[in-house]
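Okay, structure first, notes after.
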Amino acid sequence: MDARCTNVMPPPLLSRGMVQVVSAAEHIDQAVAELASGRPVVMPTETVYGLAVSTFDVSAIRRVYELKGRPQNNPLIAHVGSVADVWPLIDGTHPLVEPLADACWPGPLTLVLPAAPTVPLEAIGGRPTIAVRVPNHPIAQALLTAFPGPLSAPSANRSGLVSPTTAEHVAHDYMDIDGAEDLLVLDGGPCDAGIESTVLDLTCDPPRILRLGSVSSTTISEVVGPIAEIAVPNQQANAPGTAQRHYAPRIPVQVHSPTSLKHDLSDAIDLVVVIGPTDLSVAAPHLHLQIPDDVTLASRMLYRLIRQADQSGADRLAIVLPPAETKWAAIRDRLVRASAPPMQ
Ligand code: TXA
Ligand code: MG
């Protein structure tokens, strides 16, 4: 039966606190109604789950910042259904948008462009630019087709913590948060990519990667030619959202080589949970969460493993960094940020 023909909605799959996790495909209309009345909706994307509101609904945008506990100067990505929906959001045109869209959209590439004057400053952290992407997830696509306009959505984690890659992660993060009463979470299954989109700044020449992600710098260079050095600032204000400490669990984290881990564990008097390759040997009582040797699978599992480590009861987390090769760059970036000391 088509759920749109009836007022009887299928029951929530999970009700944690007041957060409502529902089967996504059956609740698109309800999600659209929530968005239209200014309430955020959690939508699955192929990278991570996002906390979505209309880009043009200023009070809904403010609710997203409050719910996440996010600094006001950290702008949001606007999600659109196709490249045609990008033009109304940007000031002018850009010759690299179409070729990048052909190569990478729908998919995990975000482009930063000059913002159109009609875009509310609240949605872009008061900046003159806007980040846009076309997500490649059937539920995100369905929502963008059904909702008239772009959806601004940060990753649906609380600020600074690990992004959610399942609906269950979102329910866990928001179950006790004021303002998350009746938050609708569309369950679209585990995210395929598992780490966030690559953010590419097209407002400079040559273009510059602001955040490493699921699309490699090699793929981007094949389309646009040389790209500028990746910025790794340690101040939130230098480049928004790229603060050194990010993606962090609640227990302390250190990164290691296999050799330094061995020394660390042989001296350890506390309980350590290790995230490391499958061939690593970790003696009891310490715990070993195996990260797949294949980079695609490792990305998919990464945040799930960090969350598992956080809940393992161990005193701290030791992570073995993957090799310093281009294909592992985004994962290395997330692990280094997860282990950075807290900001003063
Ligand atoms: O995969 C993703 O990108 C996910 C899914 C939900 O689409 N979204 C996501 O959003 O990771 P968020 O807000 O957690 O991270 C967006 C990043 C932040 O580092 C933010 O500062 C940057 O994109 N960003 C957004 N707008 C920008 C702008 N106008 N200029 C520079 N950086 C921008
Ligand atoms: Mg985020």
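The values are calculated or read from the model by the stated rules, or taken from the named source; none is laboratory data. Since the structure is predicted, the reported quantities are computational estimates derived from the model, not experimental observations. Note: ideal-geometry Cβ built from the backbone for every residue, glycine included; neighbour counts use all protein chains shown.
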Problem - Residue that is closer than 19 Å to Ile124 by Cα, modelled with pLDDT of 80 or more, surrounded by 14 or more Cβ atoms within 10 Å (Cβ to Cβ) and more than 17 Å from the chain's Cα centre (by Cα), where the choices are Leu202, Leu265 - result: Leu202
Practice task
Would you be able to tell me the number of residues in the stretch 232-262 that are part of a loop (DSSP other than H, G, I, E, B), within 21 Å of Ala329 (Cα to Cα) and at pLDDT 90 or above?
Solution key: 1
Practice task
Kindly provide the set of residues from the stretch 59-78 that are among the charged types (D, E, K, R) and either more than 15 Å from the chain's Cα centre (by Cα) or assigned to a helix (DSSP H, G or I) (or both), ordered by number.
Solution key: Arg62, Arg63, Glu66, Lys68
Fill in the blank from the handout: Scanning the stretch 188-218 for residues that are in contact with a strand residue (DSSP E or B) (Cβ under 7 Å, 6 or more places away or on another chain) and more than 15 Å from ligand 1 (Cβ to nearest atom) gives Pro206, Ser217
Problem - Residue check for Pro148: in contact with a strand residue (DSSP E or B) (Cβ under 6 Å, 6 or more places away or on another chain), part of a loop (DSSP other than H, G, I, E, B) and either away from ligand 1 (no atom under 12 Å from the Cβ) or not assigned by TED's automatic domain parsing to the domain that holds Gln308 (or both) - result: no
Problem - Residue count for the stretch 184-210, restricted to those that are of a type in the set (D, E, K, R) and more than 30 Å from Val22 (Cβ to Cβ) - result: 3
Practice task
Go through the stretch 110-131 and count every residue that is in a strand (DSSP E or B) and more than 16 Å from ligand 2 (Cβ to nearest atom).
Solution key: 6
Completion exercise
In the set Val255, Val274, the lone residue that is within 22 Å of the chain's Cα centre (by Cα), surrounded by 14 or more Cβ atoms within 10 Å (Cβ to Cβ) and closer than 25 Å to Leu161 by Cα is Val255
Fill in the blank from the handout: Residue hits (the stretch 147-183; closer than 28 Å to Pro88 by Cβ and touching a Pro at 6+ places or on another chain (Cβ under 8 Å)) are Ser155, Ala156
Handout entry: Residue in the stretch 158-179 that is nearest to ligand 1 (Cβ to nearest atom), counting only those that are closer than 20 Å to Ile61 by Cβ and surrounded by fewer than 21 Cβ atoms within 10 Å (Cβ to Cβ)
Key = Ser159
